[in-house]
Every structure is written in C-alpha cells, then in structure tokens.
1. What are the residues in segment 205-240 that are among the basic types (Lys, Arg) and either part of a loop (DSSP other than H, G, I, E, B) or farther than 30 Å from Trp195 by Cα (or both), if any?
2. So which of Leu177, Leu142 ends up being of a type in the set (A, V, I, L, M, F, W, C) and at pLDDT below 95?
3. Quick one: how many residues across segment 211-248 are surrounded by fewer than 19 Cβ atoms within 10 Å (Cβ to Cβ), among the hydroxyl-bearing types (Ser, Thr, Tyr) and either modelled with pLDDT of 95 or more or touching a helix residue (DSSP H, G or I) at 6+ places or on another chain (Cβ under 6 Å) (or both)?
4. From Asp131, Asp108, grab the single residue that is more than 16 Å from Ala164 (Cα to Cα), touching a residue at least 40 places away in the same chain (Cβ under 8 Å), of a type in the set (Asp, Glu) and in a strand (DSSP E or B).
5. Out of all the residues in segment 127-139, which are more than 15 Å from Ser226 (Cβ to Cβ) and touching a strand residue (DSSP E or B) at 6+ places or on another chain (Cβ under 7 Å)?
6. Exactly one of these conditions fails for Tyr136: (1) surrounded by 14 or more Cβ atoms within 10 Å (Cβ to Cβ); (2) in contact (Cβ under 8 Å) with a residue 40 or more places away in the chain; (3) in a strand (DSSP E or B). Give me its number.
7. Right, Ser99: modelled with pLDDT under 95 and under 25 Å from Arg50 (Cβ atoms) or not?
8. So Asp191 passes all but one of these: (1) more than 19 Å from Ala77 (Cβ to Cβ); (2) of a type outside the set (A, V, I, L, M, F, W, C); (3) assigned to a loop (DSSP other than H, G, I, E, B); (4) in contact with a Lys or Arg (Cβ under 7 Å, 6 or more places away or on another chain). Which condition number does it fail?
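The values are calculated or read from the model by the stated rules, or taken from the named source; none is laboratory data. Just so it is clear, the model here is predicted, and its values are computed rather than measured. Here the Cβ is made from the backbone with ideal geometry for all residues, glycine too, and neighbour counts use every protein chain on show.
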Amino acid sequence: MSFQRLKCSLLGGFALLSAGAAQAADYAPPPPPQPPMMVQEEFASGWYLRGQVGIGLNTRYTLTYLPAFFNVGNGFAFEHSDFTDTFFVGFGVGYEWNSWFRTDVTLDYRAKARVSAFGTAPNGGGNPFGDSYQGYLSSWVLLGNAYVDLGTWNCITPFVGIGAGWAHNQMSDFTDLGFGAANGGRGIGRDSSNWSFAWALHAGLAYSVTRNFKFEVAYRYLNYGSVTETVDCFGGCAADSYKFDKLASHDIMLALRWNIGDYAVVAAPAPAYVPPPVYTQPPVYQQPPVYMPPLRSRG
C-alpha cells in the first residue's frame, strides 16, 4: 500500500510540472526593441533661385516722328524701319506655394539691338529728300511672374504663366544721317532713356534633374514699351524727336532653377512601449485523498 501511495504522488507531481511548463510556454519573452525607423524629412521652404539666358526675336516696332515746333508741317514721314534680334541674360528669385503654383521676380539685361529707319520729305515739287537713321537699343526688364505647373510626367512638367513689370529702355549712338550736307539735316541723338510698362506671357517645359535642380526650356512673348529719342541736328535746325513704340519680342530661353531647401534623414518617433502580459501563477493541484479500506482483525 505504501508503494502504491508513493507511485500516485510521483505521478501527480509530474503532472503538475508538465502543466506548469506548458503554462510557461504560453508566455514567450518579449522581442528585443527594434531600432527607430529612419524617414526622409524636408527642411526646405519653397524658395528657389533661377538664372536664364536666351535669344530675343524682336518684332517690328512703331516709329513716330515728333517734329519740333518750327518743323511742324514739313511733310516728313517714315517709309520703313528695321530692328535686329538680340540676346539677354537674367536672374531671379521665386517661391513655390504648392505643387502647381509658383511666383518669381526676374531681372533681364537685353543687349544692344540695332534699329534703323528711312523717311522722306517733299522737295518743293521735285524729287523728295531721303533721310536715314540708325542707332542701338538696350533694355533692363524687371518682371513679376506667376506660373501654373500642369502636372509631371517622367520628370517633365509643362507650365504656363504671365508677367508684368517695368522696362528701362535706352537708345544709344542714334544718328540722323541727313538729307545731304547741303541741307544741314544731319544730327546725333542724346542717348535718351525712359521707363515703360512691360508685360509677358510664358509657356515651357521644366525637367527635374534632381529633387532640388530643374532645367527649363521656355517661350516668352515680351512687350516692353517704348523709348523716345531726341536728335540735335547740325547747322542750327530745331531738334526733332522720334518715338519707338510697341517694342516686342519672341524670346526663346533656357533657365536653371535651384530650390534653396534641403532634405535630411531623421529618426521617426519611437513607438509607445507596450508592457508584456503579467504571468499569473496557476492554482496548485490538490491531490484527492486516497481511499483506505478499514483494517480488519484476523480473529
């Protein structure tokens, strides 16, 4: 009987150990902490710098003769005029308000373009006198521009825009070649300059070379106002003036844009700590009492 009781006790203890091990297996140790995830974060504002260069295909201007008081009614009129093409360089600063709208301010220098004209005046019933003019026009153009980006495909973004501002136009080395030495009609200009209202229309394509660097090919129609030149003639005649009006150009330009902003890799916020579940000791197994039959006497 005592051996049977010991055997039951050992079996009960083994069962308790097995149950405890199984219960402990249900509570695996927590995994080691993971390193914080690295993310790319933009510290940039929307500011950018730009530089541009191009060719200006000047259109025909309107040339108006403004005679001095003593020359009113002399019958002089221009028959034709010409304007050569030029080149320009410029720079600017802008701001990208969002993914489709941006603005900038640009300042361009337009190099000297040669202007020429020819006019005639009556000669008392005979053959008319011919008079030739030539000079050079240069300009500074300051524009505030607004653009709409029309979406991006394969790093290429088409855009359109408008601009308005001021142009400082200067005529230099303007010469009246005169009707001839005998008529005393020759003269030289005063290198006059003035400010005029200017406006522009833009269209082009921008290519994203990198995240911060873009290359543009663009067309711009530029209307940059007028300039009036006064010529002091030789021989004591009165000084006449000439207004070059409706100055305009079809500009083909290349531009580079550099976003001032920068990008950096930073750590994302660490996830909130979640404690592991608390292990609860299971109740201790109580072995039921073993039935013992009553002892019987042999007598």
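1. Those that are among the basic types (Lys, Arg) and either part of a loop (DSSP other than H, G, I, E, B) or farther than 30 Å from Trp195 by Cα (or both): Arg211, Lys214.
2. Working: Leu142 fails: at pLDDT below 95.
Just a single option satisfies the conditions, and that option is Leu177.
3. Going through segment 211-248 one residue at a time, the tally reaches 4.
4. Working: Asp108 fails: more than 16 Å from Ala164 (Cα to Cα).
Unique residue meeting the criteria: Asp131.
5. To start, the set of residues in segment 127-139 that are more than 15 Å from Ser226 (Cβ to Cβ) comprises 127-134, 136.
Once the filter is applied, which keeps residues that are more than 15 Å from Ser226 (Cβ to Cβ) and touching a strand residue (DSSP E or B) at 6+ places or on another chain (Cβ under 7 Å), segment 127-139 yields Pro128, Phe129, Gly130, Asp131, Ser132, Tyr133, Gln134, Tyr136.
6. (2)
7. Values: modelled with pLDDT under 95: yes; under 25 Å from Arg50 (Cβ atoms): yes.
In short, yes.
8. (4)
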